[in-house]
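Report on one structure; see the data block that follows.
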Amino acid sequence: MRMFEQGKPFYKGNLHMHTTNTDGRLSLEDAIARYHDAGYDFICVTDHWKRTVGAEVHGGMLVLPGIEVDYFMASQVLHITGINVDETIVDTIDRKWGPQRGIDAIRAAGGLAVLAHPMWSLNTTETICSLKRLTAAEIYNSTSRPPWNGDRADATGVLDMAAANGCVLNTIAVDDAHYYNGDECYSFIRLQADTLTPESVSEALEKGAFYATQGPEIHQVTLEGDTVSVDCSPAARILFHSNRPYAKDRCAMGPGVTHAEYQIRRDWCESFVRVIVEDEQGRRAWANPVVVPY
């Protein structure tokens, strides 16, 4: 298994952001310009309960229509973003119908559903595993950290626990930009698509042809036999997470390390492996989980 196609280009994108149409601090035009000037290839505008924009191209950058819906529960909240939804979405969602019907409405509107900031939302393993037809979950959310929030931006732990309980989700990193004073242009995905169109981006998201990052590059992840290997840009350490609590070879460290391998232990019933690359500045990249075939 090879996660990425050899020689196929990667596109840089952010799939969660807000404008003054709901609670963002920048207008749609200014928010688009901010990401365009930062060199992004595509973004998705996900205002709360509103579809702010249709599919458009601005100076070569693709802008996708999106939405964010939220549901309140006794001990947690659930936020779902809809990526590349059509105009029917605004007539088919309602908070009183609950999160699964929200996901189903996003899919019926031609979109992809993503679980937003599960650590910030205090989502439990049981809640995450109960949701069907999710395309991905946010493993990192830039705004879910100081100075804009408490420090619950990184959802690696809770998504590891969900994966260990049978709910293995692909992962994205996003900004969830509201303030545009440092919460923007920080966390993103790199996605392999045939062309930069709404259809190709959605297809690549469904296939899992992307990785989440704050800067480090993941060139390839492979599974050959029981060996997971990763090639990446120079890193301070490469981590391998799985449902197995202990392993002596979880972490490869060194100046400028660019390759590491991890041996799956079937006798320990390992069911997934997550690769994390961290650079000298502490910035991370997360590959989509490798599901161990049995």
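Taken together, the values in this text are just the output of simple stated rules run on the coordinates, not laboratory data. Fair warning: this is a prediction, and the values are worked out from it, not measured in the lab. Cβ sites come from the backbone with ideal geometry, for glycine too, and all protein chains shown count toward neighbours.
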message: As I understand it, the value is the acute angle between the Cα axis of helix 198-207 and the longest principal axis of the Cα atoms of the chain; what does it come to in degrees, rounded to 10?
response: 30
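Give me the percent relative contact order of segment 213-294, please, defined on Cα pairs under 8 angstrom at least 6 residues apart.
Values: 182 pairs, mean separation 28.6, N = 82.
Answer for segment 213-294 is 35 percent.
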query: Against the longest alpha carbon principal axis of the chain, how many degrees, from 0 to 90 and to the nearest 10, is the axis of helix 28-37 turned?
result: 30
statement: Phi-derived 3J(HN,Hα) across segment 110-122 with the Karplus relation (6.51, -1.76, 1.60, θ = phi - 60°), rounded Hz, x for Gly and Pro, is x, x, 10, 9, 10, 6, 8, 5, x, 6, 4, 7, 6
message: Sorting check: for 13-25, 73-85, which peptide has the highest mean count of neighbouring beta carbons within 10 Å, and how do the rest follow?
response: 13-25, 73-85
- prompt: Helix 99-108 sits at what angle to the longest principal axis of the chain, using alpha carbons and giving 0 to 90 degrees rounded to 10?
  reply: 80
field: Proximal lysines relative to Lys132, as straight alpha-carbon distance under 25 Å, when same-chain residues fewer than 8 apart are discounted
entry: Lys50, Lys96, Lys207
- prompt: What spacing in nm lies between the two simple spin-label points modelled at Asp70 and Asp249, each 7 Å away from Cα in the Cβ direction?
  reply: 4.5
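Kindly provide the helix-only [θ] at 222 nm of the chain, computed as the sum of -39,500 (n - 2.57) over DSSP H runs of four or more divided by all residues, to the nearest 500 deg cm²/dmol?
Numbers: 6 runs with 49 residues, N = 294.
The helix contribution divided over the chain gives -4500 deg cm²/dmol.
So what is Rg over Rh here for segment 177-285, counting just Cα atoms and using Kirkwood for Rh?
Numbers: Rg = 15.9 Å, Rh = 15.5 Å.
Over the Cα atoms of segment 177-285, Rg/Rh equals 1.02.
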message: Which one, His58, Gly254, Pro293, projects farthest toward the positive side of the charge dipole computed for the chain from Cβ point charges (K/R +1, D/E -1)?
response: Pro293
